[in-house]
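Here the structure comes first, spelled out in structure tokens, and everything after it is commentary.
The values are calculated or read from the model by the stated rules, or taken from the named source; none is laboratory data. The structure displayed is predicted, hence computed values, not measured ones. Positions of Cβ are backbone-derived with ideal geometry, glycine not excepted, and every protein chain shown enters the neighbour counts. Ligands, DNA and RNA are stripped out before the accessible areas are found, and what is left, the full protein with its side chains, is counted by its heavy atoms. Shrake-Rupley method; radii C 1.70, N 1.55, O 1.52, S 1.80 Å.
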Amino acid sequence: MEKFELSPSEYPLGKRVKKELSLLALLIVILLFFVGINVVYLTTVLCMYVLLLLLKRNRIIYKIEFDDDAAEMCMSYYYLIFFRGKEITKYDKVIFKLGLKRFGFGSAVETLELFKGKILTGEIRKEGKWKWTADSVNQLNKKLTDITNLK
């Protein structure tokens with residue numbers, strides 16, 4: 001079994017809370033400035049934000065394991081800041097893409113996107129939020145290339 005893991009210093013609870021809730025704080029400040037205190041608007045913003053965090057693109061991937069005997073890849077991630085999840089994908093369903101991807105108005109970041117069939121299951125970035133080392137991403141890309149060539 002081969003394992004790739006994000007450094008534990010990159011995803012402690014405090015850092016996850018700070019990075020994930022900074023956008024919510026900004027939204028609430030803007031809302032309070034323009035609308036004032038209104039329970040309906042604040043509740044709506046909180047609900048929309050939780051739904052946004054539930055999107056598959058917002059997974060904090062911290063570990064990927066390859067089991068060659070069972071021919072499957074297991075991806076471990078955090079969602080909604082506190083909860084852990086796992087996604088297991090058979091090698092024949094794994095699709096990936098390594099390339100530049102633009103996040104917001106910032107510059108393009110080299111990102112490894114992992115798909116289960118046509119469904120995006122996660123992203124690993126070389127820079128920015130939840131970044132992995134370039135060496136880890138390159139090794140992971142090589143391993144994914146090897147398993148997709150076996151199909």
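Here the condition is being of a type in the set (Ser, Thr, Tyr) and in contact with a helix residue (DSSP H, G or I) (Cβ under 9 Å, 6 or more places away or on another chain); of Tyr11, Tyr41, it holds for Tyr41 alone. Mind listing just one residue for me: the one in the stretch 99-116 that is within 23 Å of Gly85 (Cβ to Cβ) and either among the basic types (Lys, Arg) or over 14 Å from the mean Cα position of the chain (by Cα) (or both) and, of those, surrounded by the fewest Cβ atoms within 10 Å (Cβ to Cβ)? Among residues in the stretch 99-116 that are within 23 Å of Gly85 (Cβ to Cβ) and either among the basic types (Lys, Arg) or over 14 Å from the mean Cα position of the chain (by Cα) (or both), the one surrounded by the fewest Cβ atoms within 10 Å (Cβ to Cβ) is Lys101. Check the stretch 66-85 and report whether any residue there is at pLDDT 90 or above, among the small types (Gly, Ala, Ser), in a strand (DSSP E or B) and open to solvent by less than 80 Å² (accessible area, probe 1.4 Å). Yes; the residues of the stretch 66-85 include at least one that is at pLDDT 90 or above, among the small types (Gly, Ala, Ser), in a strand (DSSP E or B) and open to solvent by less than 80 Å² (accessible area, probe 1.4 Å). Scanning the stretch 1-49 for residues that are under 30 Å from Lys142 (Cα atoms) and in contact with a Leu (Cβ under 7 Å, 6 or more places away or on another chain) returns a single hit, Phe4. Screening the stretch 8-52 for residues that are among the aromatic types (Phe, Trp, Tyr) and open to solvent by less than 70 Å² (accessible area, probe 1.4 Å) and picking the one that is farthest from the chain's Cα centre (by Cα) gives Tyr49. Comparison of Lys151, Lys56, Lys126 shows that the only residue that is over 30 Å from Val17 (Cβ atoms) and modelled with pLDDT under 90 is Lys151. The set of residues in the stretch 117-151 that are without any contact (Cβ under 8 Å) to a residue 60 or more places away in the chain and open to solvent by 90 Å² or more (accessible area, probe 1.4 Å) comprises Lys118, Glu127, Asp135, Lys142, Asn149, Leu150.
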